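Structure first, commentary second.
What follows draws every value from the coordinates through simple rules; no lab data is involved. No experiment lies behind these values; they were computed from the predicted model shown. All Cβ positions, glycine included, derive from the backbone under ideal geometry; neighbour counts span all protein chains shown.
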């Protein structure tokens with residue numbers, strides 16, 4: 001028989017009141033994390049979480065009945081999934097596919113803005129400096145070779161757009177993907193030496209921390225451009241700042257940072273970097289689709305149908 005009372009779901013922070021929270025309140029007993037008490041904690045069976053709100057082992061340890069963490073976002077390095085999977089048997093879900101095209105679009109926009117200095121030219125006009133003479137000539141995409149760090153769903157969508165611009169694509173990943181026409185580089189340094197644009201689109205976490213380091217930036221060279229739409233932790237920010245200041249790379253376009261929303265002041269003073277506030281998927285259309293997938297994962301789980309989009313590290317094995 002179904003439970004007489006709706007399952008208790010913990011909300012770690014606000015998630016789209018009009019989409020996610022409204023539907024969750026209709027189907028579950030929704031408890032904000034700030035209202036979690038010792039009495040309520042043993043009743044919590046699910047968590048709805050945003051990336052900026054961590055789900056640490058310490059929180060999960062308070063929730064002995066926890067079954068599922070539904071994460072709002074394709075990245076899930078905010079969840080201690082090692083603890084969830086290895087010690088607790090908790091399923092973690094994310095929101096893939098629904099944001100792929102949006103993030104790929106933003107990536108190309110950020111690349112073009114960086115190469116052609118679009119934000120800088122906008123400021124030039126706004127400050128009235130065009131009256132004193134034209135804007136300087138910029139770099140170009142023509143003749144460039146693009147390397148992707150990572151080749152998942154979003155990486156593939158980015159690569160297709162790069163090809164449409166008539167530019168060759170190569171990539172670095174743990175394994176070559178046989179169905180792709182692009183050259184695979186198992187060594188990131190070797191890829192950086194062969195291209196003059198690097199686009200990072202890999203998950204965050206210990207395995208990818210600072211994989212774009214001083215050596216990679218040096219290999220990219222003085223005409224090189226780095227675009228990071230992955231996680232801030234993927235890039236050694238101190239090494240990147242040093243390279244930008246010394247002009248040992250041409251420029252960078254960054255949508256993510258190591259300690260968001262705090263951006264190092266040195267970045268703000270540079271004219272060869274374009275800075276965005278982590279908006280890769282930030283449109284009404286896509287965020288609504290992401291939120292709906294959070295709801296749908298929780299509903300499917302508690303109806304006994306299993307998770308819709310479990311992450312690879314968690315142990316879904318067909319049980320309901």
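DSSP finds beta bridges in the chain, and of those with both partners inside it, around 5 percent are antiparallel.
Modelled label positions at residue 268 and residue 207, each set 7 Å beyond Cα in the direction of Cβ, lie 3.6 nm from each other. Remark on region 183-238: Rg and Dmax equal 10.6, 30 Å (Cα only). For residue 122 and residue 246, the FRET efficiency from 1/(1 + (r/R0)^6), where r spans their Cβ atoms and R0 equals 30 Å, is about 0.70.
Determine which residues of region 50-74 fall in the zone a paramagnetic label at residue 288 would reach in this model, i.e. backbone nitrogen under 19 Å from the point 7 Å along Cα→Cβ. Zone members listed by number: 72-73. Length gained on full extension, residue 132 to residue 174: 10.0 nm, using 0.36 nm per residue less the C-alpha separation.
Taking every alpha-carbon pair in region 203-311 and binning the separations at 5 Å intervals from zero gives 2, 11, 18, 18, 15, 10, 8, 8, 5, 3, 2, 0 percent. Computed packing ranks the peptides 42-49, 246-253 as 42-49, 246-253, most packed first, by mean other Cβ atoms within 10 Å. At the listed q of 0.08 Å⁻¹, the Debye profile of the chain, built from one uniform point per Cα, gives log10 I(q)/I(0) equal to -0.42. Return one number: the angle in degrees, 0 to 90 and rounded to the nearest 10, between the long axis of the Cα atoms of helix 153-164 and the longest principal axis of the Cα atoms of the chain. Helix 153-164 sits roughly 30 degrees off the main axis of the chain.
When 305, 88 are sorted by how many other C-beta atoms sit within 10 angstrom of their C-beta, beginning with the fewest, the order is 305, 88. Taking the Cβ of each residue in 118, 199 as the centre, tally the other Cβ atoms inside 10 Å and list the residues starting with the fewest. Going from sparsest to densest Cβ surroundings: 118, 199.
Taking every DSSP beta bridge that has both ends in region 100-275, the antiparallel portion is near 5%. Measuring nothing but how far apart in sequence close Cα pairs (under 8 Å, 6+ apart) lie, relative to its length, the chain scores a relative contact order of 18 percent. Highest average first, the peptides 128-134, 72-78 ordered by how many other beta carbon atoms sit within 10 Å of their residues are 72-78, 128-134.
Over all orientations, region 100-275 has a Cα convex hull whose mean projected area works out to 10.3 square nanometres. With axes computed from alpha carbons, what is the tilt in degrees of helix 100-116 against the longest principal axis of the chain, rounded to the nearest 10 within 0 to 90? Once rounded, one gets 20 degrees. For the Cα atoms of the chain, what angle does the longest principal axis make with the long axis of helix 237-246, in degrees from 0 to 90, nearest 10? Relative to the chain, helix 237-246 is tipped by roughly 10 degrees.
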